[in-house]
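Report on one structure; see the data block that follows.
The values are calculated or read from the model by the stated rules, or taken from the named source; none is laboratory data. As the structure is a computational prediction, the values presented were derived from the model and not from experiment. Glycine gets a Cβ as well: all are built from the backbone with ideal geometry, and neighbour counts include every protein chain shown.
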Amino acid sequence: MILFQDQVTQGLTKGGNKIIYSNNNMAKKRLLMFGGLAVVVLGMAGYLFWERYRGYEEYNNYIKLEQRYIQAMTEDTYGGKTPQETLDLFVAALEAEDVELASKYFMLDDNLSREGWAKELQAIKDRNVMAVMAKDIEGAEEDQKNRIDENDFKFVIYNKNGNVGGWVDMQFNRYSKVWKIESL
């Protein structure tokens, strides 16, 4: 009885049965198996290399952005050593109607700029209400109960009726070691 047959054969006898197998067919199977395995391994290696390279590029971009942020924050030295000192400097700039100086007491935005605050302050100056704003902020009181942590400080501004009219929220710039106005 013949169990397997192909073009190139060798014969063996076992228990009266003749077993015929092909060296050529076994070689093809091995080649296909190892070739397929090689394609899978190379494909995975290529994918991992691509993901690592792409991640490396994103990581480098993040590092550059972080370095620019740290440099800008370190150079941002306008402000006081205490929240009250920053508030007093800001009020003095408002009283002098110095929009550029007053805007420097604000935190940098996501684009490392204070352009938005400068525009708002210029609009206030154009309406001739900077002195009123300075007087309102000058009367602000510390708001200890709404602090988030030691790097956060708030002043509350009360209106004529004794109701809360607004807040001045400050953050500590840990790079330049000064307090900055985050929002009004």
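If I filter segment 79-103 down to residues being assigned to a loop (DSSP other than H, G, I, E, B) and either touching a strand residue (DSSP E or B) at 6+ places or on another chain (Cβ under 7 Å) or of a type in the set (D, E, K, R) (or both), which single residue comes out as surrounded by the most Cβ atoms within 10 Å (Cβ to Cβ)? Walk me through it before giving the result.
Of the residues in segment 79-103, the ones assigned to a loop (DSSP other than H, G, I, E, B) are 79, 81-82, 96-98.
Still in the list and also either touching a strand residue (DSSP E or B) at 6+ places or on another chain (Cβ under 7 Å) or of a type in the set (D, E, K, R) (or both): 79, 81-82, 97-98.
Numbers: G79: 26, K81: 11, T82: 14, E97: 15, D98: 15.
Taking the candidates together, the pick is G79.
Give the residue, chosen from A45, A72, that is modelled with pLDDT under 85, assigned to a helix (DSSP H, G or I) and on the phi < 0 side of the Ramachandran plot. I'd like the intermediate steps shown before the answer.
Working: A72 fails: modelled with pLDDT under 85.
Only one candidate qualifies: A45.
Kindly evaluate R114 against the criterion of being loosely packed, with under 13 Cβ neighbours inside 10 Å and of a type in the set (K, R). For R114, the condition - loosely packed, with under 13 Cβ neighbours inside 10 Å and of a type in the set (K, R) - is not met. Out of D109, D126, one residue alone is closer than 20 Å to Q71 by Cβ and loosely packed, with under 13 Cβ neighbours inside 10 Å. It is D109.
Within segment 60-78, being surrounded by fewer than 17 Cβ atoms within 10 Å (Cβ to Cβ) and touching a Ser or Thr at 6+ places or on another chain (Cβ under 6 Å) holds for T74, T77. Between A93, A123, which is in contact with a helix residue (DSSP H, G or I) (Cβ under 6 Å, 6 or more places away or on another chain) and without any contact (Cβ under 8 Å) to a residue 60 or more places away in the chain? Going through A93, A123 in turn, the sole match is A93.
Check whether at least one residue in segment 22-30 is modelled with pLDDT under 75, assigned to a helix (DSSP H, G or I), touching a strand residue (DSSP E or B) at 6+ places or on another chain (Cβ under 9 Å) and surrounded by 10 or more Cβ atoms within 10 Å (Cβ to Cβ), and report yes or no. Within segment 22-30 (the criterion being modelled with pLDDT under 75, assigned to a helix (DSSP H, G or I), touching a strand residue (DSSP E or B) at 6+ places or on another chain (Cβ under 9 Å) and surrounded by 10 or more Cβ atoms within 10 Å (Cβ to Cβ)), the answer is yes, since at least one residue qualifies. If I go through segment 130-180 residue by residue, how many of them are closer than 19 Å to R114 by Cβ, touching a Gly at 6+ places or on another chain (Cβ under 8 Å) and assigned to a strand (DSSP E or B)? Adding up the residues that qualify gives 4.
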